[in-house]
Every structure is written in structure tokens, then in C-alpha cells.
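What follows is a single structure, written as C-alpha cells, with notes after it.
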Amino acid sequence: MPELPEVETVRRGLTPVMEGATVQRLELRRPDLRFPFPDQFAEIVEGQKIVSVGRRAKYLLLDLANGQAIIMHLGMSGSYRIEKDVFGSTIPGVFHHEKPRLAAHDHVTFHLVQKSGETARVIYNDPRRFGFMLMHPRAELDEHPTFKNMGAEPVGNVLSPDVLAKAMAGKGTPLKSALLDQRVIAGLGNIYVCEALWRSRLSPKRKAGSLVKQSGKPTDRLMTLEKHIREVIADAIRAGGSSLRDHTQTDGSLGYFQHSFAAYDREGEPCRHEGCGKPIKRIVQSGRSTFYCASCQR
């Protein structure tokens with residue numbers, strides 16, 4: 001499943017082509033993906049200007065001039081391909097293993113007329129069909145079930161040590177599980193939680209509430225964690241995401257953050273913290289693999 005940096009990379013790849021363009025035609029080659037398409041989906045979208053291309057957590061958002069927003073999720077294997085008659089095709093996203101892009105898996109095509117008058121096509125390809133597209137009024141998006149209880153983004157100005165302290169106070173759940181809770185931080189996934197905890201030298205098994213003072217204020221270690229969460233996400237976005245299995249960029253290039261993994265998927269390899277060198281361990285928490293150094297993460 002692509003995480004926030006991969007989805008942000010896709011958003012940045014789609015924005016120059018889709019933002020400000022008009023949807024001349026929306027081509028749906030099947031009635032559904034993971035879920036059925038919205039009623040009269042093509043009729044509502046066609047003729048509309050795309051005001052902006054946004055992101056909330058791991059979801060892409062297309063704001064339309066009619067006040068509707070298209071909520072798009074990549075699922076396990078979804079990707080977007082941009083086609084222009086002049087420049088050929090590119091793929092926004094980042095992935096480690098090349099995946100088949102058979103036309104049989106091209107399920108949705110946005111036929112666009114850009115501000116310049118040029119035409120372009122943005123094609124959604126999804127072999128497993130775990131992705132989806134929903135629609136909801138933009139002004140009411142915060143009340144949509146997908147976003148209603150979602151926590152702060154790990155980018156921007158909303159996340160802070162105080163916000164984390166409020167969300168973690170009194171929690172006896174393992175720290176890693178708390179960080180994966182989308183009600184605490186939106187869009188933070190398994191890979192980047194492992195990396196942020198390693199950078200912060202915090203054990204994924206410690207109680208989340210142990211990082212909050214009795215007064216409700218964040219401890220120094222929670223402030224360090226918040227800093228490293230921001231840094232690891234920013235580093236991953238700069239690197240174009242992590243090239244894992246099905247994820248690919250809009251221009252077809254690979255992401256390179258996986259070459260910087262210090263903990264994730266490094267079971268048995270020496271810890272990279274200076275003076276440590278003990279082997280990275282793998283444990284399972286809530287059905288997910290956790291990679292950490294039991295020696296220096298406390």
C-alpha cells in the first residue's frame with residue numbers, strides 16, 4: 001500500500017497536467033473498482049474545470065468547479081499514466097518492481113483540455129482493483145466518514161508535540177500501534193513509523209502514554225519523535241518515495257528512499273547508529289512487521 005510520500009509524489013506529478021484543465025470526457029471502462037462508481041459520475045464530472053489537485057493523508061483529491069470533490073485512493077496496485085500526443089506517456093509515482101500495465105487494467109481515463117488548449121489523457125490503471133473513486137461536496141469533506149476522525153498531517157503546521165501529547169495521553173497501547181492510528185496522525189504508515197522510531201531511538205513496544213508528562217505536556221522524547229516524523233516524511237518526499245512493489249511515479253522513474261532505510265526491511269543487518277552495530281530485529285505487531293534495534297531503541 002503506498003504511503004503518504006508516494007501519494008504526495010503522485011499528486012505533484014498530476015498537478016501540472018490536471019490543475020486548471022477541463023474534463024472533456026470521463027471514460028469509465030467498468031462499473032466499479034473496489035466500490036461502484038458514484039451515480040452519474042461521468043455526467044457530473046464532464047465539462048468541469050479541475051480547480052486543484054490535493055491530498056489528505058493517503059487520498060488524492062480533485063476539486064471541481066461545481067463544488068464537488070473526487071476522492072481517489074490507489075489501493076494496492078493503482079497508478080496513473082499521463083498521455084500527451086506530443087510528449088508520449090509518463091507515470092507519476094514511485095515503485096521498486098516494474099508492474100504490468102496492460103490496457104485491460106486501464107479502468108478510468110480523464111480526457112482533458114488544458115489551459116494552454118493542449119489535450120491530455122490521465123489514465124488510472126489498477127490490476128487488482130483495490131483502489132476507488134468517490135465523490136462528495138468539497139465544503140463538507142471534513143464530515144465525510146473517510147476524513148471525519150482523521151488526525152493531523154505530518155506535514156504543514158497542524159502537527160506539533162502538544163497535538164501528539166493530547167492524542168497519546170493515557171494510552172497503554174504500543175507506541176508503533178498508536179502512530180499507525182489514523183486518528184492520531186493522518187497518512188503515516190508502517191515504513192515511515194519504523195524509520196521515525198529508529199531515528200528517535202524509541203522502542204516500538206513502549207507504551208504511547210509514557211511519552212506524555214502527568215501534566216499532559218510532551219516529554220523531550222516526544223518532541224524528538226515529532227521532529228523525526230516530520231524529517232523522515234520530508235526526506236521520503238524529496239527522494240520520490242520508496243520503491244516498493246507496485247508503486248510508481250507519474251514519470252515512470254523510481255523512488256530512492258528505500259536506499260536510505262535504516263530499520264525497515266533490514267532484519268539481521270547491523271544497526272546504523274554510531275557505536276551500536278547490533279542486528280536489526282523483526283517482530284509482528286497487530287499483524288504488521290516491525291523492524292527496530294532492540295539495543296538502542298528504548
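A compact table of results
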quantity	calculated
Where only C-alpha atoms are counted, convex hull volume of the chain per residue in Å³	132 Å³
Residue-averaged [θ]222 nm for the chain, counting only DSSP H segments that reach four residues, each worth -39500 (n - 2.57)	-6500 deg cm²/dmol
Likely footprinting exposure, 260, 77, fewest C-beta neighbours within 10 Å first	260, 77
Lys, Arg +1 and Asp, Glu -1 on Cβ, resulting dipole of region 4-143 about Cα centre, debye, nearest 20	360 debye
Ratio Rg/Rh [Cα only; Rh per Kirkwood] for region 4-143	0.92
Pairs beyond 18 Å (Cα-Cα), from 166/213; 227/278; 176/227; 171/227; 171/217	227/278; 171/227
Magnitude of the charge dipole, the chain, Cβ model with Lys/Arg +1 and Asp/Glu -1, debye to 20	1360 debye
Integer Hz, Karplus 6.51/-1.76/1.60 couplings in order for region 131-136, x for Gly and Pro	x, 7, 9, 10, 9, 7
For region 16-83, with +1 on Lys and Arg beta carbons and -1 on Asp and Glu, the positive-most of 31, 21, 78 along the dipole	78
Cα-based reach from residue 115 at 28 Å (exclusive), listing lysines while leaving out same-chain residues under 8 positions away	49, 58, 84
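Bear in mind these aren't lab numbers, they're just calculated from the coordinates by the rules spelled out. Computed from a predicted structure; not experimentally measured. Cβ coordinates were reconstructed from backbone atoms using ideal geometry, including for glycine residues, and neighbour counts include every protein chain displayed.
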